[in-house]
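The structure appears below as structure tokens.
The values are calculated or read from the model by the stated rules, or taken from the named source; none is laboratory data. Note that the coordinates shown come from a computational prediction; the quantities given were computed from them, not determined experimentally. Cβ placement follows ideal geometry from the backbone for every residue including glycine, while neighbour counts extend to all protein chains displayed.
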């Protein structure tokens, strides 16, 4: 498969999107480094080739940054992982903007309230960041916790969504 890659400018820095031949987002993040984005894709889904082209998801990302924080909701993604990871990534998409969950609440939403570390791992392994909004999960004390693309980006996304 040949994937397409596009980098757009955002207030949080350059944002790179990798999409498959059906325009499903495989990976995305605040970087200009294609190798970094590609490395986050599950090996089973990793493309053999990549070419630069426009992605459908870029329009949704631009709309998100223009103030429509729900614009990302309809973007199709493709992820590979365990059954629990897939359930977790689907659950992340159900978290409303401006209403973040704690890692404990996220684990409970998966039916595994004691699996807080597994819930955090699901967030950490999320390749299509923004479109699967793992940034909406916080530590139980309200602290940001981790984010693959840096805590300043996570903070900015959460601030944008709470406005």
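At-a-glance table
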item: Which numbered condition residue 77 misses (of (1) farther than 28 Å from residue 33 by Cβ; (2) surrounded by 13 or more Cβ atoms within 10 Å (Cβ to Cβ)); result: (1)
item: One residue from 27, 91, 19, 71 being in the same structural domain as residue 118 (by TED's automatic domain parsing), modelled with pLDDT of 95 or more and in contact with a helix residue (DSSP H, G or I) (Cβ under 8 Å, 6 or more places away or on another chain); result: 91
item: Among the candidates 82, 55, 16, 2, residue that is buried (at least 19 other Cβ atoms within 10 Å of the Cβ), free of Cβ contacts under 8 Å to residues at least 60 places away in the same chain and more than 20 Å from residue 154 (Cβ to Cβ); result: 55
item: Among residues of segment 24-37, those that are farther than 24 Å from residue 156 by Cα and either in contact (Cβ under 8 Å) with a residue 60 or more places away in the chain or in contact with a strand residue (DSSP E or B) (Cβ under 8 Å, 6 or more places away or on another chain) (or both), counted; result: 1
item: Some residue of segment 94-117 being surrounded by fewer than 16 Cβ atoms within 10 Å (Cβ to Cβ), under 15 Å from the mean Cα position of the chain (by Cα) and either farther than 21 Å from residue 42 by Cβ or modelled with pLDDT of 95 or more (or both); result: yes
item: Selected residue (only one of 40, 46 is outside the structural domain of residue 136 (by TED's automatic domain parsing), buried (at least 17 other Cβ atoms within 10 Å of the Cβ) and within 20 Å of residue 150 (Cβ to Cβ)); result: 40
